[in-house]
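Here is the structure we will look at.
Taken together, the values in this text are just the output of simple stated rules run on the coordinates, not laboratory data. Owing to the predicted nature of the structure, the values given are computational and were not obtained by experimental measurement. Note: ideal-geometry Cβ built from the backbone for every residue, glycine included; neighbour counts use all protein chains shown.
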Amino acid sequence: MFRVWRFDKSFEFARNRRLGCQRGSTFRHIVSSAHFSSRVAFESVGRSFFTLSCEALRWRLFSTMASSGSAWIFLVLAILATPFAADISIDNFPYHFCAMNGFANNYFHTTTCQGFVRVKMYGKDRKTLDEEIVKLLEDHKVEASTKELCEIRSFYFNKTAWIFFKMPDFTRVSDPIDRNVSFWITDLPGKVGFIPFPPKGKWTIIGKGYEASQFKRLSKEDIEKEHAICDPWNWYFRHQDMDFRLSTGGRISLKNPFKNRNSTNKECDRYYQYEQNDPIAEQLKILERPDLVLNTVWGREFIRTQVYSLHSLNADRNEADGSYHFIFEYKNLKQLEEFLNRKRKINNIKYTLCYLRPIRHDLGELPHGFMLPEVEERKLWDPSIRTTTMGSTTEVTATPTPKTTSSMEDEQEDEEDDDEDEFENDDDEFEDPMECGVEMEDDDEDCEAWDDDE
């Protein structure tokens with residue numbers, strides 16, 4: 001059974017931005033709805049301090065300091081009146097630039113329809129990293145006349161390998177299109193630069209993709225014949241079970257995708273999009289249940305492209321020009337450690353959003369990327385690292401290079417043989433997952449949404 005986590009239980013929209021009261025705070029990312037065109041809201045780090053309104057806060061400080069005759073009053077009021085000093089704004093939503101030393105353990109990856117870029121982040125500032133990525137994209141840019149239009153999500157496969165999930169780009173193409181939905185798995189260690197994808201024939205096809213409106217017009221026979229998949233961009237890969245799935249019950253097995261599958265109209269009527277699971281959090285066995293699903297409710301405006309150790313990489317779209325930008329969301333590390341030690345609830349961990357780099361659509365770059373530590377045992381985000389020309393000044397325990405996927409194939413094949421009977425006896429029967437909708441949150445104790453407003 002599945003349980004879905006939402007990152008915001010209630011949306012608080014406001015037209016009047018009071019950025020002067022956001023100094024020293026982290027921000028909750030609110031995406032525009034049909035009623036509001038701007039994304040605004042803030043979350044105070046010092047909750048008790050910032051529960052006062054801006055006016056009340058200023059008046060209290062004024063009264064206190066005036067009564068004591070403090071000469072600092074004008075300076076303090078000037079600071080409070082100063083707008084939040086953002087490094088960059090996307091749709092008027094402010095972001096600070098990410099502290100790049102926190103990514104020193106990582107490789108950054110971004111995708112095109114022709115391949116993916118893998119570059120080391122250690123010792124690079126934001127500008128240097130972006131220039132290196134752009135140079136690789138420029139060197140492998142494909143002419144528009146021969147460009148393949150696609151969308152590619154990607155997911156954790158094992159310690160060394162990543163799985164790429166390819167589908168039609170329904171936002172930029174019209175019928176007739178290549179509807180094939182397929183996957184390709186590759187080992188990452190030893191790779192750097194631009195890594196081209198193999199020819200189409202090397203990808204494993206698992207069905208044909210349809211938008212919800214198109215899928216619902218298909219007959220049951222057509223769905224079975226086409227191995228149709230509704231809104232494939234919402235599906236995610238669960239490495240523990242070796243299948244693509246949805247929290248509503250959709251399932252497509254890698255072992256026999258045309259036989260062990262379940263995809264119906266139920267997968268089309270969705271409030272949640274771009275589902276993800278967190279492979280690292282699950283491995284730590286500190287989650288209440290191992291089959292938790294993380295997602296967004298913002299569609300293509302704010303795409304969650306990766307979740308790793310409860311941190312996440314996202315693609316934020318600028319409505320003014322349609323461009324995307326990579327935004328990193330990191331948790332408060334002290335509170336995260338308390339959670340890992342079972343001393344804090346997961347919905348009480350604060351987070352911060354920071355700006356990483358622009359996504360170059362003009363060079364074929366897709367709004368789907370990911371970051372990974374060089375070895376899994378290292379942290380994805382560690383701002384305590386101080387980089388040097390030779391290496392990290394923090395002590396890192398040497399970890400043997402894990403086996404690659406190719407060296408593990410025999411072991412996996414043995415495991416697959418052991419599990420074959422289980423799949424054969426469970427071709428069309430899948431346990432219905434539970435999805436936490438708004439109307440369920442107060443009625444079902446299993447529906448614990450992400451909420452920082454306690």
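For residue 124, go through the lysines and keep the ones whose alpha-carbon is under 19 Å away, minus same-chain ones fewer than eight residues off.
By straight Cα distance, residue 124 reaches 135, 191, 379.
Using only Cα positions of segment 180-275, each an equal point scatterer, no hydration layer, compute I(q)/I(0) via Debye at q = 0.15 Å⁻¹ and quote the log10 values to two decimals.
Reported log10 I(q)/I(0), two decimals: -0.63.
Of the listed pairs 159/285; 159/350; 127/166, which have alpha-carbon separations greater than 19 Å here? Write out the running numbers ahead of the final one.
Working: 159/285 16 Å; 159/350 28 Å; 127/166 30 Å.
Beyond 19 Å between Cα atoms: 159/350; 127/166.
Excluding residues on the same chain fewer than 8 positions from residue 220, give the lysines whose Cα lies under 21 Å from its Cα.
Within reach: 208, 259, 266.
Going by average Cβ neighbours within 10 Å, how do the peptides 341-347, 254-260, 179-185 rank, with the highest at the top?
The packing order, highest mean first, is 179-185, 254-260, 341-347.
Among 366-379, 219-232, what's the highest-first ranking by average C-beta atoms within 10 angstrom per residue?
On the way: 366-379: 20.6, 219-232: 17.0.
Most protected by this proxy first, the peptides run 366-379, 219-232.
What does the highest-first list of 196-208, 96-108, 116-128 look like by mean Cβ count within 10 Å? Don't skip to the end; give the middle numbers.
Numbers: 196-208: 14.5, 96-108: 20.9, 116-128: 17.8.
Final packing ranking: 96-108, 116-128, 196-208.
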